[in-house]
1. For chain B, what is the relative contact order in percent, using Cα pairs closer than 8 Å and at least 6 residues apart in sequence?
2. Solvent-accessible area per residue for segment A:1-114 at a 1.4 Å probe radius, Å²?
3. Report which residues of segment B:44-67 become buried by 10 Å² or more of accessible surface when going from the isolated chain to the complete set of protein chains (1.4 Å probe; DNA, RNA and ligands ignored).
4. Taking the Cα-to-Cβ direction at B:Glu76 and at A:Gln72 and moving 7 Å from each Cα, how far apart do the two end points lie in nm?
5. Mean 1/r over all different Cα pairs, inverted: what Kirkwood radius does segment B:1-54 give, in Å?
6. Pop out the carbon and sulfur fraction of the accessible area of segment A:9-84 as a percent, whole number, probe 1.4 Å.
7. How high is the relative contact order of segment B:48-131, in percent, counting Cα pairs under 8 Å that sit 6 or more residues apart?
8. When each copy gets a label point 7 Å from Cα toward the beta-carbon at A:His110, what are the spacings between them in nm, shortest first?
Number of protein chains: 2
Amino acid sequence: MKKGLLIVNTGNGKGKTTAALGTLVRAWGHGMKVAMIQFIKHENAHFGEIKAARKIGIEWHVTGDGFVMPGQDPTEAIRRVKEGWKMAQERIVSGEYDVIALDEFTYALHFGWLDTGEVLEWIDQNKPAELHLIITGRNAPQALIDAADLVTEMNPIKHPFDKGIKAQVGVEF
Amino acid sequence: MKKGLLIVNTGNGKGKTTAALGTLVRAWGHGMKVAMIQFIKHENAHFGEIKAARKIGIEWHVTGDGFVMPGQDPTEAIRRVKEGWKMAQERIVSGEYDVIALDEFTYALHFGWLDTGEVLEWIDQNKPAELHLIITGRNAPQALIDAADLVTEMNPIKHPFDKGIKAQVGVEF
């Protein structure tokens, strides 16, 4: 029996988005239909992935316009999250996809911009049995971890910023 | 000052190879020259990645022919590791690459098939300053972690095998 997995990449380390990209590319290599929907972060934060996805022909959407700073009005960010989630829902229920990734989606849940219980209930009732759904980001709510089939925590053991090395084009973003 | 990083993806969780694949694809998206050299595992264990890499046009080598079982003669596996390392060395010193990944390479060090001290000394003396070198696998020796700039540990929080779900084509391999 084939079963689509609910996969969560969380933790404070590198590799959450990168592993999701790798999974999409691998599935695409198998001829599967895949899509990425990125939340919260602005397009500039992802430009390496986006360039690669465009060159390959992988469906890729950026719905956010950057992290909200403390004290900043989150209204526009919340509107974009809800719009992104609607876009995700349409693709999830369509039955046309094999793998869909919701990148940085945990923040929308963690910040309470979407209700975690409602989102999980919707996924439980609407995700096609064959579809693999990947959710990434720090601070994954416990209810999401409980609902997931595969959860990996990426932990930073050592980070180049500790050594005063700046972020690297192509490797870090 | 741009500096090529020595990156290690280790731990017992998913995502070590997948994140390396994602990093190569992202760098390739930036127009960088990248290569993957896979150790130990047989080609069949990687076929999704290989298919994807071939479709994209990313240089990809599989040098292993499977894990050695306890009691099995490791002579052929050791020969292949040494051949793979020679192939890696040639590409590292060539100065032609921006990112090179040595997948499952930690096992060659952990099993003592290559001397960790010698490998690290060779990398220290021969890796071009601009090259990002990614090494993946469980049981990364402490000396490798000490030498690395960026180390991420992928930890399994929950694995579908716990639930009795079989490995999934396209997602797991």
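1. It comes to 38 percent, rounded to a whole number.
2. 40 Å²
3. B:Gly48, B:Glu49, B:Lys51, B:Ala52, B:Lys55, B:Ile56
4. Result: 5.8 nm between the two label points.
5. About 12.7 Å for segment B:1-54.
6. Carbon and sulfur together cover 50 percent of it.
7. Value for segment B:48-131: 26 percent.
8. Values, ascending and in nm: 2.9.
The values are calculated or read from the model by the stated rules, or taken from the named source; none is laboratory data. Nothing here was measured: the structure is a model prediction, and the numbers come from that model. Cβ coordinates were reconstructed from backbone atoms using ideal geometry, including for glycine residues, and neighbour counts include every protein chain displayed. For the accessible areas, the whole protein counts, side chains as well, though only heavy atoms, and no ligand, DNA or RNA atoms are used. Shrake-Rupley method; radii C 1.70, N 1.55, O 1.52, S 1.80 Å.
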